[in-house]
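The block underneath contains the structure these notes are about, expressed in structure tokens.
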Amino acid sequence: MAALSSPLRVCRGILKELRAIHGAAYKQGPMYRYVMDQFRKNQITGERYCRAQQEAHHDAHSYLCLLASTRSQMILHNIYHSKEEHSIESAAGLVGLRLPTQPGGKGWEK
Amino acid sequence: MFRNLFRLQTQLGSCLSLSKICPRSQHVLKYSTATTERKRFYQDVSISQGEGGLFEINLDRRKLKTPGGKLFTVPNEALAIAVATEWDAQRDTLKFYTMHLTTLCNTALDNPTQRDKTQMINASLKFLETDTVCYRVDEPHGLVELQKNEWDPVLHWIENRYNVTIGSSSNILGPEIPEATKDTFRQHLNSYNFWSLTGLEYVITQLKSVVLSMGIIDRHLSVEQAVLLSRLEEEYQIQHWGNVEWAHDYDMYELRARAAAGTLFVHLSSESTTVKCKLMQD
């Protein structure tokens, strides 16, 4: 079986992502209610190996992966691929380079 | 029931003249314009259940439509809530490249290439002949070992699970897949409905591997594990030569997001839930 993190961590991860999306009012959205319902419903099971529980756990893990990676991708996109203007120094600094300097200045500059 | 929708401003500004000709014009959400970005034009996103038990997305008071003009309907509630969250997550501008679930729903609803289930299954199985997990290298030695240790268990798992032979090879033509294997998979894929097949084909195309996609769908692997296995050679080179954030990390997050969206789409479209209440008898 897949090695997934515990349901508690997955749940907290999803709530963190929802808070990053919505801000302070994340508890009002329909997704918050749905996620909490699903986690509570699948918590109690009569069987030792409950397939529905495992399936819900895997789905929650996939959703957490979706939210987290879309957010990370957007952050990277805004840093490296945004349309804003950079000065030459800051553009070079994005990839860790510095502009070359020549002590004494270039000969033909005044 | 008559719904009074208004056409959004086009670049040419011919909105006014058109509305005089057809005052009952339909609202069309322009998903893409070549020059400008679409701004977020709605405050609230909510879902509602329409006729036939299908769920619809409402942006303020307007119903969401697909690029083909059809009403955007979703068969189950979980997927509808997830799509609504995607739309709600947009800030000032709409970034459609982050709304993977919406894109998948649009593809399933519009079917722009007019394909049926058999064509999709054939297209998916074509990837089996050039499956990532079956293509091995001969050198460098570290990569050969890595491929053996990481990919062989998945191959064994799928061969046991479906009772097929796939095998791996290191020559340029790839492994020989027997017809019986393809037939087994064809039969298995036929059991999925059209929506699930759309999602499954998407995952296969993104991961470039049928074996890894079936691994996720059968919940043998997690999304992160499958993405790691799909990018095994890249990860090996990154460990050797270093990581470039604006390329490697960006690609990894994009692949993870797409694979996660695809597998969530498949699972939500193919499962059904029933609630059985067991009451304690006193």
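The values are calculated or read from the model by the stated rules, or taken from the named source; none is laboratory data. All values derive from a computational prediction rather than experimental measurement. Reconstructed Cβ throughout: ideal geometry from the backbone, glycine too, with neighbour counts over all protein chains shown.
Tabulated results
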{"item": "Test: B:Trp157 is part of a helix (DSSP H, G or I), within 21 Å of B:Asp116 (Cα to Cα) and among the aromatic types (Phe, Trp, Tyr)", "result": "no"}
{"item": "Considering residues of region A:53-63 that are facing another protein chain (nearest Cβ under 8 Å) and in contact (Cβ under 8 Å) with a residue 24 or more places away in the chain only, the residue surrounded by the most Cβ atoms within 10 Å (Cβ to Cβ)", "result": "A:Tyr63"}
{"item": "Residue count, region B:37-70 (criterion: assigned to a loop (DSSP other than H, G, I, E, B), in the same structural domain as B:Leu94 (by the TED database) and within 24 Å of the chain's Cα centre (by Cα))", "result": "7"}
{"item": "Hits in region A:82-107 (condition: away from chain B (no Cβ under 13 Å) and more than 28 Å from B:Tyr97 (Cα to Cα))", "result": "A:Ile88, A:Glu89, A:Arg98, A:Leu99, A:Pro100, A:Thr101, A:Gln102, A:Pro103, A:Gly104, A:Gly105, A:Lys106, A:Gly107"}
{"item": "Total residues in region A:69-81, condition under 10 Å from the mean Cα position of the chain (by Cα) and more than 8 Å from every other protein chain (Cβ to nearest Cβ)", "result": "2"}
{"item": "Tally, over region B:122-154, of residues that are surrounded by 17 or more Cβ atoms within 10 Å (Cβ to Cβ) and closer than 28 Å to B:Asn190 by Cβ", "result": "11"}
{"item": "Region A:18-43, subset more than 18 Å from B:Gln90 (Cα to Cα) and within 10 Å of chain B (Cβ to nearest Cβ), residue modelled with the lowest pLDDT", "result": "A:Lys41"}
{"item": "Test: B:Ser169 is surrounded by fewer than 18 Cβ atoms within 10 Å (Cβ to Cβ), more than 30 Å from B:Pro112 (Cβ to Cβ) and not charged (D, E, K, R)", "result": "yes"}
{"item": "Boolean, A:Leu66 is in a helix (DSSP H, G or I), within 8 Å of chain B (Cβ to nearest Cβ) and touching a Phe, Trp or Tyr at 6+ places or on another chain (Cβ under 9 Å)", "result": "no"}
